[in-house]
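The values are calculated or read from the model by the stated rules, or taken from the named source; none is laboratory data. As the structure is a prediction and not an experimental result, all values here were calculated from the model. Every residue, glycine among them, receives a Cβ derived from its backbone with ideal geometry; neighbour counts consider all protein chains shown.
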Amino acid sequence: MRPLSDAFGTICAVTDHLPRELRELVELQCGILTSRQAVGAGVTKDMITARLKYGRWQRIYRGVYATHSGDPGRPGMLWAAVLSAGPGAMLSYQTAAEVSQLAASHKTARLNDAIHITVPIDRRVARTPGIALHRSSRASLAIHPVLLPPQTRIEETILDLASASATIDDACSWITHGLGRRLTTQAKLRQALEQRTKVRWRPELAELLSVDAAGLHSVLERRYYRDVERPHGLPKSTRQERFRRADHNEYRDVIYEAFMTAVELDGQATHTAQTRWSDIRRDNHSATDGIFTLRYGWLDVTARPCEVAAEVARVLAYRGFAGARPCSPDCPVTGLSNPS
């Protein structure tokens, strides 16, 4: 096990004048100590009071102290928040995403908000400014067995954030972001979802993690074929076409080769910042080859497939395709198979 400070590149503050048995604990906890831990190792309450009075220690939360006078830093504050919440407490939601690197480059991540802490549902913990408190009946299952400071497993973190998302697009982006950064697997997330009784957006998340979607670059490919391409008579496409650019291989999600049109089905909602510029360069490279690229996200394909089909059909029609058809009387694809 390694301290959080190692991951943040921060040197933990280790104070002198502590019993030897406390020094390793203080280093592990990034300079943070509770009164219970101190008293248990022989530091009296009067000694704690004196160190606070003369500025050698500083109070972070009730009964939780930084054993130095400098800035506790982010790692120290995270340890302090967990320790202040007592036994069974763990970093969770956005804060667990922060320490696990899940939040890196995610479009909705805010690392300077309140520290999110989850405690067992039967624990009574006083509300504390700066700490967002959550209670869980699954706390003992959700906590990671070895990582420090205590934090939720990556699968639990992803599902917590997906369930708390305001839109299905944001919820799915947490899933795809975690998978894209290879922090977990589809099978592990599916198992975690099955173990939870209350999850917002469950049907959509279950589909995103379904067994028959395994191996696909994105479950959107399947939805695109089922809801956009097939019912609207669009021509047969090639999926995950490999092409050579410079000295490496790249892939197009969907391409209609005969009509020089490509469709990308991930978009910014499911992309990390690192891949955004790669997408732009790929689109620009395709344009130099005469290939027009359309991009759609989760909500586009799942909530308005007919509108997506109409846009794709319009581009294909101008490039010679004449077989698009409406899937219903109100479908906007109507009349687009023969543009003027």
- request: Considering each residue of region 48-72, count those that are in contact with a helix residue (DSSP H, G or I) (Cβ under 8 Å, 6 or more places away or on another chain) and part of a helix (DSSP H, G or I), and give that number.
  value: 1
query: Which one is nearest to the chain's Cα centre (by Cα) among residues in region 151-171 that are touching a residue at least 60 places away in the same chain (Cβ under 8 Å), farther than 17 Å from T197 by Cα and surrounded by fewer than 24 Cβ atoms within 10 Å (Cβ to Cβ)?
result: D170
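Output the residues belonging to region 74-95 that are part of a helix (DSSP H, G or I) and touching a His at 6+ places or on another chain (Cβ under 7 Å). Full working, then the answer.
Here is the first cut: in region 74-95, the ones part of a helix (DSSP H, G or I) are 74-85, 93-95.
Answer for region 74-95, where residues must be part of a helix (DSSP H, G or I) and touching a His at 6+ places or on another chain (Cβ under 7 Å): Y93, Q94, T95.
Does region 184-195 hold any residues that are surrounded by 18 or more Cβ atoms within 10 Å (Cβ to Cβ) and within 22 Å of H134 (Cβ to Cβ), and which are they?
Taking region 184-195 first, the residues surrounded by 18 or more Cβ atoms within 10 Å (Cβ to Cβ) are 184, 186, 189-190, 192-193.
Selection gives T184, L189, A192, L193.
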field: Looking only at region 10-24, and only at residues there that are modelled with pLDDT of 70 or more, exposed (fewer than 13 other Cβ atoms within 10 Å of the Cβ) and of a type in the set (D, E, K, R), the one that is farthest from L78 (Cα to Cα)
entry: R20
- prompt: Do any residues in region 311-330 that are surrounded by fewer than 20 Cβ atoms within 10 Å (Cβ to Cβ) have Cβ atoms under 6 Å from those of residues that are in a helix (DSSP H, G or I), where the two are at least six apart or on different chains, and which pairs are they?
  reply: R319/F259
query: helices (runs of 4 or more DSSP H) wholly in region 233-340 with at least 3 residues that are modelled with pLDDT under 90 and farther than 16 Å from E221 by Cα - which ones?
result: 273-288
